[in-house]
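Enquirer: One structure is given below, represented as structure tokens, and several questions about it will come after.
The values are calculated or read from the model by the stated rules, or taken from the named source; none is laboratory data. In this text, all values refer to a predicted model and were calculated from it rather than measured experimentally. Glycine also receives a Cβ, built like all others from the backbone with ideal geometry; neighbour counts cover every protein chain displayed. The protein model used for the area step is the full one, side chains on, heavy atoms only, and it has no ligands, DNA or RNA in it. Shrake-Rupley method; radii C 1.70, N 1.55, O 1.52, S 1.80 Å.
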Amino acid sequence: MRKSDSVPRRDRRFLPDGLGDALALEPRRLLSGGALHAVRTPASARAQRVTPATMINREYAAFLADFRRVEQSYIAALNDQAAGTTTVTANLVQPYLSGGSQVVVDNASVFGPNGSFAAPVTATVTISGVPNGAYLTLVGRSGNTLIVDPAASSAVNLAASGVALTASVPATAQSSAAALFPTFIVNRANQMAINLVIYFNGLPQKLPYYNAPPRTPNQRGAIQNYVYSSISGGGATNLVGALTAIPLPATAGADLQIYDASVASAVEQSRLQVQNGVSQIFSGRLKISIQAPNNRLGIAANSGASAGGTSTPTTTGA
């Protein structure tokens, strides 16, 4: 025992322990006597503590890196050929007159690449979902304009409303990859959202409450709800909604460059939104409404946030 421990003092503050650790406080003797308990934070814990801003940046950087890695597989699939055929459909957006050499649809890329097709494609005509027996022979496309061989097509006049062209075309690896890529986006975004929820659940300090009606028990989890909804919620402004709304590129050229720029912009917009929202919730400037059935205010959940109303999978208790 140090000499100072046996000398009474009036100062009740914890002083440096004088044992060489500048950040540690002196031992404290319990009133009931017994062992001395040091009040100190391990240096390893201080060194490993990650701030919310750093964690958000880290998760978004990892998400974008994984996105780019899987995108390379999609790009490689653009030129891969798969076995079998697939059925595709496109709707007319302009009337077609019998004998015409062009027909404009809403998405001509499903019938083949720009330029002349390797083999003619026979597209049957459906009106309000019912085949009428007519057909058009397609020999190429330019954008959303299909090139028609009138000599090998039915003599038919088609209105734009309710008319669609359906055809069986060779299946490509691109069509399969295009169906799988959005699923990856959703699952990877969900993983990032859950990682951030787990991080905030593990913070040592108590996090802000939901905005609840009077006489409603306080419930924490406002930040976790906001973060999860901003990334994977049901609204159009969350990250998943923004990314899945961007059409996939059909070539590895200019449309891929536009796609990459659009993705980068959407991810950065989401990152800034999450960081700013978390900061405002911490400071009390942004309120997140509690979810049903405790929300007796008649306000949709998350009405104080710009994200959708999907709740978090895991939140801390009161």
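Enquirer: Here are the criteria: (1) over 20 Å from T244 (Cα atoms); (2) open to solvent by 60 Å² or more (accessible area, probe 1.4 Å); (3) basic (K, R). Tell me which single one R141 does not satisfy.
Expert: Every condition holds for R141 apart from (2).
Enquirer: Can you tell which of R9, R2 is open to solvent by 70 Å² or more (accessible area, probe 1.4 Å) and modelled with pLDDT under 55? Full working, then the answer.
Expert: On the way: R9 fails: modelled with pLDDT under 55.
On inspection, the qualifying residue turns out to be R2.
Enquirer: Could you list, in sequence order, the residues of region 189-202 that are surrounded by fewer than 20 Cβ atoms within 10 Å (Cβ to Cβ) and closer than 17 Å to V274 by Cα? Let's see the steps before the verdict.
Expert: The first filter runs over region 189-202 and keeps only residues surrounded by fewer than 20 Cβ atoms within 10 Å (Cβ to Cβ), leaving 190-191, 194-195, 198-199, 201-202.
Hits for region 189-202 are N190, Q191, I194, N195, I198, Y199, N201.
Enquirer: Give me a count of the residues in region 247-265 that are at pLDDT 90 or above and open to solvent by 30 Å² or more (accessible area, probe 1.4 Å).
Expert: Residues that pass the stated criteria total 7.
Enquirer: Any residue that is more than 37 Å from the chain's Cα centre (by Cα) and either among the hydrophobic types (A, V, I, L, M, F, W, C) or surrounded by 15 or more Cβ atoms within 10 Å (Cβ to Cβ) (or both) - is there at least one of those in region 160-167?
Expert: First pass over region 160-167, keeping only residues more than 37 Å from the chain's Cα centre (by Cα): none.
No; the residues of region 160-167 include none that is more than 37 Å from the chain's Cα centre (by Cα) and either among the hydrophobic types (A, V, I, L, M, F, W, C) or surrounded by 15 or more Cβ atoms within 10 Å (Cβ to Cβ) (or both).
Enquirer: If we keep just the residues of region 208-218 that are surrounded by 17 or more Cβ atoms within 10 Å (Cβ to Cβ) and part of a loop (DSSP other than H, G, I, E, B), which is modelled with the lowest pLDDT? Before the answer, list the steps.
Expert: Filtering region 208-218 down to residues surrounded by 17 or more Cβ atoms within 10 Å (Cβ to Cβ) leaves 208-212.
Going one step further and asking which of them are part of a loop (DSSP other than H, G, I, E, B), we end up with 208, 210, 212.
Working: P208: 85, Y210: 78, A212: 68.
Per the stated criteria, the residue is A212.
Enquirer: Regarding A179, is this residue within 37 Å of the chain's Cα centre (by Cα), at pLDDT below 90 and within 30 Å of G241 (Cβ to Cβ)? So that I can check it myself, show each step before the final result.
Expert: Values: within 37 Å of the chain's Cα centre (by Cα): yes; at pLDDT below 90: yes; within 30 Å of G241 (Cβ to Cβ): yes.
Yes, satisfied.
Enquirer: I want to confirm something. Restricting to region 219-245 and keeping residues that are part of a loop (DSSP other than H, G, I, E, B) and open to solvent by 30 Å² or more (accessible area, probe 1.4 Å), which single residue is modelled with the highest pLDDT?
Expert: Checking each candidate, the answer is A245.
Enquirer: Within region 141-157, can one find any residue that is closer than 24 Å to T251 by Cβ, out of contact with any helix residue (DSSP H, G or I) (no Cβ under 8 Å at 6 or more places or on another chain) and either outside any strand (DSSP E or B) or assigned by the TED database to the domain that holds Q72 (or both)?
Expert: No; the residues of region 141-157 include none that is closer than 24 Å to T251 by Cβ, out of contact with any helix residue (DSSP H, G or I) (no Cβ under 8 Å at 6 or more places or on another chain) and either outside any strand (DSSP E or B) or assigned by the TED database to the domain that holds Q72 (or both).
Enquirer: Could you please give the count of residues in region 57-116 that are among the small types (G, A, S) and within 19 Å of A179 (Cβ to Cβ)?
Expert: Step one: of region 57-116, the residues among the small types (G, A, S) are 61-62, 65, 73, 76-77, 82-84, 90, 98-101, 108-109, 112, 115-116.
Next cut, within 19 Å of A179 (Cβ to Cβ) only: 73, 76-77, 82-84, 90, 108-109, 112.
Qualifying residue count for the region: 10.
Enquirer: Let me ask another. For V110, state whether it is touching a strand residue (DSSP E or B) at 6+ places or on another chain (Cβ under 6 Å) and in contact (Cβ under 8 Å) with a residue 24 or more places away in the chain. Working first, answer last.
Expert: On the way: touching a strand residue (DSSP E or B) at 6+ places or on another chain (Cβ under 6 Å): yes; in contact (Cβ under 8 Å) with a residue 24 or more places away in the chain: yes.
Considered against the rule, which asks whether it is touching a strand residue (DSSP E or B) at 6+ places or on another chain (Cβ under 6 Å) and in contact (Cβ under 8 Å) with a residue 24 or more places away in the chain, V110 comes out as yes.
Enquirer: Exactly one of (1) at pLDDT 80 or above; (2) outside the structural domain of P204 (by the TED database) is unmet by A307. Its number?
Expert: (1)
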